[in-house]
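Reviewing the structure listed below.
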Amino acid sequence: MAGADSPESRPMLQTLSDALAKQGYNDLTPVQSAVTEPELEGQDLLVSAQTGSGKTVGFGLAIGPTIINDDGSLDAASYPLALIIAPTRELALQVKRELQWLYAGAGATLASCVGGMDFRDERRSLERGAHIVVATPGRLRDHIMRGTINLNEIKAVVLDEADEMLDLGFREDLEFILDQAPETRRTLLFSATVPPMIATLAKSYQRDAVRIKTTTKESQHADIEYRALSVANHDIDASIINTLRFYDAPNAIVFANTRAMVTRLTTRLSNRGFSVVALSGELTQSERSNALQAMRDGRARVCVATDVAARGIDLPNLELVIHAELPTNAETLLHRSGRTGRAGRKGISAMIVPAKMKRRGENLLKWGKLSATWATPPTADDVTKKDEERLLTDPVWSEDFNEDEQAFAQRLLAEHAPEKIAAAYLRLYAGKQSAPEFISEYKDGPAAKERKPRETKSFGPSKWFSVDVGREGKAEARWLLPMICKAGGITKNEIGAIRIQPNETFVEIAEPAVNGFLKSVGKDMQLENQASLRALDGPPQLGERGPRKTKRDYDKPKRDYDKPKRAPRDQSTPPPSRQQDVATIQPIPGAADDTSNRKPRSKPARRDHGDALVEKRAKPPHTGKPGGKKPSQKGKSGYNSDTKPGKPRAGKSGEKPPGNAKDTSKRFTPPGGKPKPRKGLGKGGNATPRRKSK
């Protein structure tokens, strides 16, 4: 039927209208109707709409009149005319799929530039020409900087899920891209919310943008039923399994906060017989694409994912979203839940709320202004009853059977009783599903605001005393309390408040115990560690306490910074070394200390280790005969030129033979002692001489 907002009643390009009718669109959603108003053609738009409201088709219709000719066709593809930027790879590829059927009648060519894909393939597709390019910010910036994409012909730029892109840290990339696009372009920002950062971006890069708001925070998504399931802390996995079994949705997503949790839940569900896939940031783009395709094809029914899949993923049969771990904020809760209840379909968003996280779950619902039904997860009996209901209402009972099936049924009836056949069928039906889990009874404790306040007993009449040690003396209640009890012969029950001040400590003692306390302390009122006690006439007057110092504040610094600084020297008076009346010592000419005519000593140039290696390699090898003498080279007396400098030459009288590195016989001998004989000498100059064999 064609209503007031039907495609046929609106001035729209015929090619786009035909594509909508072919796809089954009878009525446009509110956001699609708002962005296709005739007076908004050519205007910059700032649109906020709730997830699942058809924003992709909406901005596809909005930019149509900007890039498509009046006859509903497009010229030959060359440079891009429109640019769609999305935060994640999955969302970008999904947008590309949506725009392909929408612009198929116009003959549009689309290209994608997303991370994780082959850069060379993307470059070749851009070189062949594309009318619309769908990209992620980081990869698009790489193409711009490498010169593989030309933005000179861009007429429209769409930022899809702009708030998410800013949250992911793509602000600099977006500003760089928008600066490279022509100033005459249209800029359309689509976002679920409009935080201050989005408003600033719109003000900087949009011209007189029209604000379109099709969502209200006061009302939640009508097609999503929120359920908060209270469970014991040890029943989280069991509640997830029973929830999946109870609703038996064609497609379901289980959200977790970390990759480790995704891996653990995927393994657990796979072991329980669920057809499950994982979706997280550690997977490659091909693995993520295969996982989503398996969900669309029906090869997998459960997807365990992190928040990377919370934006823009559209699965046609997704009827159940389970929050295995509560999200960090209400906005993430809304986007997770928005994967279901899309395009008029009903969906369920189930929050698994363990006992320790109940307050957080309540706050998430309150901050998101959502109303949820609080209950416990389905038990094993609930799942079994639900299976029986599905079995009785299965469409197979209303279908016709062929002759072969009827013949086999007669054979079964001839061999077995009808009750036995029915029981066997029930067992076979139940065996195809995972067995439900046992869930312990959940007992909810009283809320924090309903708990009774702790009863505090009055200390009664008391008398105050002062101890002459405080925080400056590192006074602490943990050693003051036993010291006072020991000196006064009382217990800690007779001591009330202990107030530690900078230079003294006030102690409150029960009045019935004061006489015995004073008698035990003595007239001198001295405690341990030379601490003095003094009785006060009344309660102490405590001023503003201020921040309490820690032990580090009393530690002495490693360097003495408390020394008084030296007074600045009077610049008018020269230092003693430059005063005229100071006698200078003149050196004796020709003496050893005379440095008047000595040339300045120059430091030897440091030898680079690399040069030494080069020199060592460059030395010509020895070419003498084996066992013969090396050719003599002239050098300094007592040294061989082919040895290291400073090493004496062996074999001449009056000179010591060169030391042997393996000779360790000369060791330190203590005074009055003798070197111990060495045992077990091996090869070397000091080895025990062996007897020649005859």
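The values are calculated or read from the model by the stated rules, or taken from the named source; none is laboratory data. The structure presented is a predicted model; accordingly, all values stated were derived computationally and were not measured. Virtual Cβ from ideal backbone geometry, glycine too; neighbours counted across all protein chains shown. Side chains included, ligands, DNA and RNA excluded: accessible areas come from the protein's heavy atoms. Shrake-Rupley method; radii C 1.70, N 1.55, O 1.52, S 1.80 Å.
By the scheme Lys and Arg +1, Asp and Glu -1, what is the net charge of all other residues having a beta-carbon under 12 Å from that of T379?
-2
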**Asked** Roughly what would the spin-label model give for L392 and L481, points 7 Å off Cα along C-beta, in nm?
**Response** 6.6
**Local electrostatic count at S275 - Lys and Arg +1, Asp and Glu -1, tallied over other residues with Cβ under 12 Å** = +3
**Asked** Ordered by residue, what ³J(HN,Hα) values in Hz, to whole numbers, does region 110-125 give under the Karplus form 6.51 cos²θ - 1.76 cosθ + 1.60, where θ = phi - 60° and Gly and Pro are x?
**Response** 10, 9, 10, 9, 10, x, x, 9, 5, 5, 5, 5, 5, 5, 5, 5
**Request:** Beyond 25 Å between alpha-carbons counts as too far, so tell me which of K474/K519; K463/K486; K213/K358; K346/K385 fall in that bin.
**Result:** K474/K519; K213/K358
**Charge dipole (debye, nearest 20) of region 281-343; +1 at Cβ of Lys and Arg, -1 at Cβ of Asp and Glu** = 200
**Note, ³J(HN,Hα) from phi for region 366-381, Karplus 6.51, -1.76, 1.60, rounded to Hz, x at Gly and Pro** = 5, 5, x, 6, 10, 10, 10, 8, 8, 7, 9, x, x, 7, 5, 5
**Request:** Return the carbon/sulfur percentage of the accessible area of region 302-383, one whole number, probe 1.4 Å, all protein chains in place.
**Result:** 51
**Whole-Hz ³J(HN,Hα) from phi, Karplus 6.51 cos²θ - 1.76 cosθ + 1.60, for region 146-153, glycine and proline x** = 8, x, 8, 9, 10, 9, 5, 9
**Residue-normalised accessible area of region 39-83, expressed per residue, 1.4 Å probe, Å²** = 35
**Prompt:** Modelled label-to-label distance, Y442 and K385, 7 Å Cα→beta-carbon offset: nm?
**Reply:** 1.7
**Asked** Amide H of M351: which non-local residues (sequence gap of 5 or more, or other chain) have their own amide H closer than 5 Å, using H built in the peptide plane?
**Response** R227, A228, L229, H323
**Request:** Please list the non-local residues whose amide H lies under 5 Å from the amide H of G496, H modeled 1.01 Å from N, same-chain partners needing a gap of 5 or more.
**Result:** E508, I509, A510
**Prompt:** What is the Å³ per residue value for the convex hull set by the Cα atoms of region 50-107?
**Reply:** 95
**Potential extension, W101-R207 segment - 0.36 nm per residue separation minus Cα distance** = 35.1 nm
**Request:** Please work out how much length the chain gains when fully extended from K356 to L413, using 0.36 nm per residue of separation minus the C-alpha to C-alpha distance, in nm with one decimal.
**Result:** 15.0 nm
**Asked** Can you list the residues, at least 5 places off or on another chain, whose amide H is less than 5 Å from the amide H of I212, using H built in the peptide plane?
**Response** L46, V47, S48
**Request:** Starting with the highest mean, order 125-136, 157-168, 186-197 by the number of other Cβ atoms within 10 Å, averaged over the residues of each peptide.
**Result:** 157-168, 125-136, 186-197
**Asked** By average Cβ neighbour count within 10 Å, what is the ranking of 73-79, 287-293, 198-204 from highest down?
**Response** 287-293, 198-204, 73-79
**Fraction in percent of alpha-carbon pairs per bin - 10 Å, region 384-425** = 24, 44, 29, 2
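Give me D for region 306-432 in µm² s⁻¹, whole number, from Stokes-Einstein with Rh from the Kirkwood sum over alpha-carbon pairs, 37 °C and 0.692 mPa s.
In µm²/s, the coefficient rounds to 177.
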**Message:** Counting heavy atoms of the protein chains only and a 1.4 Å probe, report the per residue accessible area for region 94-242 as a whole number of Å².
**Reply:** 44
**Asked** Roughly what would the spin-label model give for S289 and N233, points 7 Å off Cα along C-beta, in nm?
**Response** 4.5
**Message:** Probe of 1.4 angstrom, ligands and nucleic acids ignored: what's the accessible area per residue over region 354-433, in square angstrom?
**Reply:** 78
**Asked** What net charge do the residues around S398 carry, taking every other residue with its C-beta under 15 Å from that of S398, with Lys and Arg at +1 and Asp and Glu at -1?
**Response** -3
**Prompt:** Under the classification rounded if a/c is under 1.5, otherwise prolate if a/b is larger than b/c and oblate if not, where does region 18-75 fall, given a ≥ b ≥ c as square roots of the Cα gyration tensor eigenvalues?
**Reply:** oblate
**Asked** Carbon and sulfur atoms: what percent of the 1.4 Å accessible area of region 45-153 do they account for?
**Response** 42
